[in-house]
1. Can you tell me how much longer the chain between Thr81 and Asp185 gets when fully stretched, taken as 0.36 nm per residue apart minus their C-alpha distance, in nm with one decimal?
2. Given H placed 1.01 Å from N in the peptide plane, which residues other than close sequence neighbours of Arg137 have an amide H under 5 Å from its amide H?
3. In region 150-232, which GluC sites (Glu not before Pro) are in a loop and have at most 14 other Cβ atoms within 10 Å, using DSSP for the loop call?
4. Tell me, what ³J(HN,Hα) does each residue in region 153-165 have, in order and in whole Hz, if you take phi through Karplus 6.51 cos²θ - 1.76 cosθ + 1.60 with θ = phi - 60° and put x for Gly and Pro?
5. Return the whole-Å distance between the Cα centroid of region 109-151 and the Cα centroid of region 159-194.
6. When the distances between all Cα atoms of region 105-227 are binned every 5 Å from zero, what whole-number percent does each bin get?
7. Quick one: compute a quarter of the convex hull surface over the Cα atoms of region 108-177 and quote it in nm².
8. Bin width 10 Å, alpha-carbon pairs only: give the P(r) of region 182-232 as whole percents, running from 0 to the bin holding the largest distance.
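Bear in mind that the values in this text are calculations on the coordinates, not laboratory data. Nothing here was measured: the structure is a model prediction, and the numbers come from that model. In this analysis, Cβ positions are derived from the backbone assuming ideal geometry, glycine residues included, and neighbour counts consider all displayed protein chains.
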Amino acid sequence: MRSRTRVTVLRARPTKPRDEALPAASRSVRGRHTDVILLLCVTMLAFVFPGCGADECSNGQPAHCEGNVAMICDDVHENGTFQWIRQDCGVGFCQLPTAQGELPFCSETHDPDPRCAPFSSTNFLELCQDNKVVGCRYGYVDHSVDCTTGATFGPIFTEGASSGTCVSSANNSAFCALEPTPSSDCQLTEASFGRACKGDQLLVCQSGGYLVKREDCPPGTCVSTPFPDCRP
């Protein structure tokens, strides 16, 4: 059987502690900005996302930036027909890492960001600065969340509050928390993937016992199985 190498669109981040893990239904835990959008392109192509397109290409053609568009040659339907998957960076800027095997991604600025400069060889790191989650990739900001205004760029890897206080956690990640200090209510979530029902209220917590979501469910709809959530 002929062997070939397939482009892997999604890559795993470092494993999170048990109390920080959430079911896939509640948040996105893998991938990066380019990877997430490219997966959507692969799945839906141009029918949903006008920024995505696909033309045939040859197996082995390298991923690259074509102007401000990230280009990856992949076997989209796993039928031996390779196609170019395009992702337009829009207001961002296409960057091609020098590290072997890394895919192009979209950055917030054209040049490396001083906040990420110390981590120019790192493919994933989140830090807090000026109450903002700053996601660094090879010296560039490839995603961010402003915990004051709620403004975002790129994907959100760790579920957080729409506004609040930026908190740094384990595994080089950061998120927005509702409160600047750990919440005693988060003790209820320690055995249930960081989620719990407190009466008719849904609680969602992150690493270190920080509360990121407190949602009032309709009476009798906060259900704990298969994982805590508001269910009609």
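1. Working: separation 104, 0.36 × 104 = 37.44 nm, distance 5.21 nm.
Once the chain is fully extended between Thr81 and Asp185, it gains 32.2 nm.
2. Answer set, sorted by chain and number: Asp142.
3. Details: sites: Glu159, Glu190, Glu215; in loops: Glu159, Glu190.
Hits after loop and neighbour filter: Glu190.
4. Couplings: 9, x, x, 10, 8, 10, 4, x, 6, 5, 7, x, 10 Hz.
5. If you average the Cα positions of each part, the centres end up 19 Å apart.
6. P(r) over region 105-227, rounded to whole percents: 2, 12, 20, 19, 16, 13, 9, 6, 3, 1, 0.
7. Working: hull surface 16.6 nm².
Averaged projected area of region 108-177's Cα convex hull equals 4.1 nm².
8. 32, 54, 13, 0
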